[in-house]
Amino acid sequence: MNRILLNPADEASASFLFERPETDRKLPCVLFIHGGGWSSGSAEQYRRHMKAIVEAGGAAASAEYRLKTDRLPLEACVADCGAIMRYLRSHADSLGLLPDRLCAAGESAGGHLALCLASPLICPDPAVRPDLVVNLNGVVDMTGVFRDRFFPEEKWQNEEDADSWLGKYELAERWSPLYRVSSGNSPALHLQGLADPVVRPAETLRYHRALREAGVESELILLPCRSHAFILYDYENTDDTVNGIVDMLCGKLAERGYLNTKT
């Protein structure tokens with residue numbers, strides 16, 4: 001498993017883990033984007049998921065994007081993930097990849113980042129748009145509980161505060177995949193835990209329906225008893241539980257041509 005820096009001269013630049021089977025064939029690739037509230041987490045969390053993809057005959061990557069801080073805005077996280085996707089596509093030949101079979105799979109905040117790449121209304125550059133996006137309990141609406149984290153409100157005591165409130169709401173809306181759907185969105189597969197208290201199932205259902213109303217292929221799989229971050233090993237779930245979900249994900253990817261079992 002290799003770590004590839006987008007800018008080899010800068011150790012702090014965005015990077016990604018990469019692995020593929022030993023084969024001369026060009027392969028689809030799944031790019032995992034970790035969660036952690038945009039401000040924590042690591043590409044290392046997806047090593048075992050990458051291994052499962054490689055064993056199933058696909059190439060796998062895991063994004064190491066700059067984490068949000070008081071000085072580094074949300075836009076930087078999106079930009080880094082877009083740069084990694086662009087790198088995979090532009091270097092597809094040397095990496096042995098199929099440039100039209102690049103999938104972005106993200107969990108929680110990483111799901112939000114993957115869905116941002118999937119929306120041409122958020123990320124207009126077609127080079128960053130995944131050919132398939134897998135949404136694992138990803139945040140789709142930034143105008144609710146997540147708005148205060150990124151666009152903190154004031155006390156709104158003055159009349160001129162109305163314009164400020166509206167501006168911050170519209171900024172949160174700008175970064176909400178739910179409100180940035182068009183016919184140009186990437187096809188989507190959603191895995192949503194019904195017991196998730198962070199990303200409510202109803203929000204993912206609304207997003208799924210919005211995609212289908214726009215004519216975009218979208219499949220929603222609801223997982224009973226599964227809470228937030230159900231895809232993570234060494235978190236709140238047993239290995240057997242996560243293995244079962246990863247196996248199901250691999251099956252869905254194979255159905256869509258994103259795993260090459262004949263390596």
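The values are calculated or read from the model by the stated rules, or taken from the named source; none is laboratory data. Keep in mind it's a predicted model, so treat the numbers as computed, not measured. As a convention, Cβ positions derive from the backbone with ideal geometry for all residues, glycine included, and neighbour counts pool all protein chains shown.
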Report every pair of residues separated by at least 6 positions or lying on different chains whose Cβ atoms are under 7 Å apart, first residue within the stretch 185-196 and buried (at least 19 other Cβ atoms within 10 Å of the Cβ), second of a type in the set (Ser, Thr, Tyr) and assigned to a loop (DSSP other than H, G, I, E, B). ASN185/SER119; GLY193/SER227; ASP196/SER227
Single residue of the stretch 88-105 satisfying the filter (surrounded by fewer than 22 Cβ atoms within 10 Å (Cβ to Cβ) and out of contact with any Lys or Arg (no Cβ under 7 Å at 6 or more places or on another chain)) that is nearest to ASP131 (Cα to Cα): ASP100
Which of the strands (runs of 3 or more DSSP E) found entirely inside the stretch 25-126 contain at least 2 residues meeting this: over 13 Å from the mean Cα position of the chain (by Cα) and acidic (Asp, Glu)? none
Residue pairs qualifying under the 7 Å Cβ cut-off, at least six apart or on distinct chains, with the first in the stretch 161-179 being closer than 19 Å to GLY110 by Cβ and among the hydroxyl-bearing types (Ser, Thr, Tyr) and the second being at pLDDT below 95 and surrounded by fewer than 15 Cβ atoms within 10 Å (Cβ to Cβ), are none
Would you call GLY184 under 30 Å from LYS51 (Cα atoms) and out of contact with any strand residue (DSSP E or B) (no Cβ under 8 Å at 6 or more places or on another chain)? no
Condition first: part of a loop (DSSP other than H, G, I, E, B) and out of contact with any helix residue (DSSP H, G or I) (no Cβ under 8 Å at 6 or more places or on another chain). Now tell me which residues in the stretch 238-259 satisfy that. THR238, ARG256, GLY257, TYR258
Every residue from the stretch 1-47 that is surrounded by 21 or more Cβ atoms within 10 Å (Cβ to Cβ) and among the polar types (S, T, N, Q): SER15, GLN45
Has the stretch 226-233 got at least one residue that is under 19 Å from the mean Cα position of the chain (by Cα) and assigned to a helix (DSSP H, G or I)? no
